[in-house]
Amino acid sequence: MNLDRANRILGVLVVVLAVPVGMIWSSEATQAEDVLDFEPLFPGFTRSEVMHIRIEQPAALMQIGQGGPQTFSERAILELRRSTGGEWVVGQDPLFEGLPVLATRIDQKIFELMEGAPGGDGSLVLEDATDEELAGNLLNPERGSTITCMDADRNVLANLILGRRTNRTDSAEDEVRGFFVRDAESRDIRLFEREGLLVTARPADWFDQRLFNTDFDSVVSVTWRNATGRVVLYREADRRNIWRAGTKEFSESNFVPGELIHSEVTSYLIGLLRGQVANVGPRIPLSEAERLPFLDTLGLATPTTGVLLELEDGRKIGVTLGSDVTGSNTTNAWIQGWPFTIEVATDSVARELRRDLTRFFGG
């Protein structure tokens, strides 16, 4: 790292006291050499060993690096765990425990962070920082975002504190962009030259928002039920867009169904599979005495609208629709087996689930 570059980094580092003489800068090194000589902050870190992840940060710090809040007294804590089936879910949480988590988000926001955090001399900005210097750069436990990866026995594999961004404005073309980080077991401040390291302790930022966690080719049968009737369709073996009708019940007594319109079914199902969860609602009460009144307030106690997908691996995914949410463009819903209620967009997902089922047939 050349001297000019070192001075630019020093210019954005919040140093409350004088910078100690021990600040280490690497000698002239090209970017290519930096890559070839990369030393990880956590050597030996292995994704497959991680079974628990804990994120702790100031509750008001919604986006890391965007500047800290005025008070750091409230803490937000999120635990993620790998289930026995290998899927990631929200861990210990009074409201959202068991909520499915998108695995790719874990890869991008946690594992790539732990694997990419630099540990060599070239990344060292300030050695053995004081308490004031750590706090000024959001790198103390009270102000920073602490991300801890643990194994099945909750032994710590990597413990990183992610601090503030180096670039507070985008005015300088040659501005050094990245984040200040440190190993929680060390007081050395390092520069991680990467943007977009936004990690939050909000469950909503992690959960899998796909309404149907599957793809079109995996669906072997579909059952629709709403105010217009009930229809069961089966996909013909080895024929992607050819369907066979089973049950056909329609509320319109005079309707005589004609031939099944395969393209209409395929187009509809592809669109439905793009549906997402808009919001996660409260946890459903366990006791029957509480559960039924709770579901009744959401229109989910005796639902009349829904869809059930059967997949080639034997799994079934069912979604039932409740009442529209007052003052919002969302509708209450429930995914079969989930301990939570959800909300879906009224003008897309709910509209499709309520559509006239006679449209699948000529007549």
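The values are calculated or read from the model by the stated rules, or taken from the named source; none is laboratory data. What you are looking at is a predicted structure, and each value in this text was computed from that prediction instead of being measured. Quick reminder, even Gly has a Cβ in these numbers, built from the backbone with ideal geometry, and neighbours come from all protein chains shown.
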Listed by first then second residue, the pairs whose first member lies in the stretch 33-47 and is modelled with pLDDT of 95 or more, whose partner is surrounded by fewer than 12 Cβ atoms within 10 Å (Cβ to Cβ), with beta carbons under 9 Å and at least 6 positions apart or on separate chains, are none
Output for the stretch 87-105, where each listed residue is assigned to a loop (DSSP other than H, G, I, E, B) and within 17 Å of ARG210 (Cβ to Cβ): GLU87, PHE96, GLY98, LEU99, LEU102
Of the candidates ARG165, ARG154, the one satisfying the condition of being crowded, with 18+ Cβ neighbours inside 10 Å and either farther than 30 Å from GLY299 by Cα or touching a Gly at 6+ places or on another chain (Cβ under 7 Å) (or both) is ARG165
So ARG315, is it under 24 Å from the mean Cα position of the chain (by Cα) and basic (Lys, Arg): yes
Restricting attention to the stretch 250-263, does a residue exist that is of a type in the set (S, T, N, Q), at negative phi, touching a Pro at 6+ places or on another chain (Cβ under 9 Å) and touching a residue at least 12 places away in the same chain (Cβ under 8 Å)? no
Residue that is within 29 Å of PHE216 (Cβ to Cβ) and either modelled with pLDDT of 95 or more or in contact with a Cys (Cβ under 7 Å, 6 or more places away or on another chain) (or both), where the choices are GLY281, GLY322, GLY337: GLY322
Within the stretch 231-286, the residues that are among the small types (Gly, Ala, Ser) and surrounded by 16 or more Cβ atoms within 10 Å (Cβ to Cβ) are GLY275, ALA278, GLY281
Count, please, the residues in the stretch 268-309 that happen to be aliphatic (A, V, I, L, M) and touching a Gly at 6+ places or on another chain (Cβ under 9 Å). 7
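For (1) modelled with pLDDT of 90 or more; (2) under 23 Å from VAL349 (Cα atoms), each residue gets a yes or a no:
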| site | (1), (2) |
| --- | --- |
| ASP208 | no, yes |
| ASP215 | yes, yes |
| VAL219 | yes, yes |
| VAL222 | yes, yes |
| ARG225 | yes, yes |
| GLY229 | yes, yes |
| SER253 | no, no |
| PRO257 | yes, no |
| SER263 | yes, yes |
LEU321, sole failed condition from (1) surrounded by 18 or more Cβ atoms within 10 Å (Cβ to Cβ); (2) in a loop (DSSP other than H, G, I, E, B); (3) in contact with a helix residue (DSSP H, G or I) (Cβ under 6 Å, 6 or more places away or on another chain): (2)
Give the residue, chosen from ILE147, ILE110, ILE77, that is at pLDDT 95 or above, on the phi < 0 side of the Ramachandran plot, of a type in the set (A, V, I, L, M, F, W, C) and in a strand (DSSP E or B). ILE147
Residues located in the stretch 324-344, provided they are surrounded by fewer than 18 Cβ atoms within 10 Å (Cβ to Cβ) and touching a residue at least 40 places away in the same chain (Cβ under 8 Å): PRO339
I need every pair where a residue in the stretch 192-210 that is within 15 Å of ILE77 (Cα to Cα) has its Cβ under 9 Å from the Cβ of a residue that is assigned to a strand (DSSP E or B) and among the aromatic types (Phe, Trp, Tyr), sequence separation at least 6 or different chains. TRP206/TRP88
Mind checking which pairs have a first residue in the stretch 297-309 that is free of Cβ contacts under 8 Å to residues at least 24 places away in the same chain and a second that is surrounded by fewer than 19 Cβ atoms within 10 Å (Cβ to Cβ) and in a strand (DSSP E or B), Cβ under 9 Å, 6 or more apart or different chains? THR297/SER323
Within the group ALA301, ALA289, which residue is more than 23 Å from the chain's Cα centre (by Cα) and loosely packed, with under 12 Cβ neighbours inside 10 Å? ALA289
Note: among GLU112, GLU97, GLU132, GLU142, just one is more than 17 Å from GLU79 (Cα to Cα) and touching a strand residue (DSSP E or B) at 6+ places or on another chain (Cβ under 8 Å), namely GLU142
In the stretch 203-219, residues that are charged (D, E, K, R), surrounded by fewer than 18 Cβ atoms within 10 Å (Cβ to Cβ) and in a loop (DSSP other than H, G, I, E, B) total 1
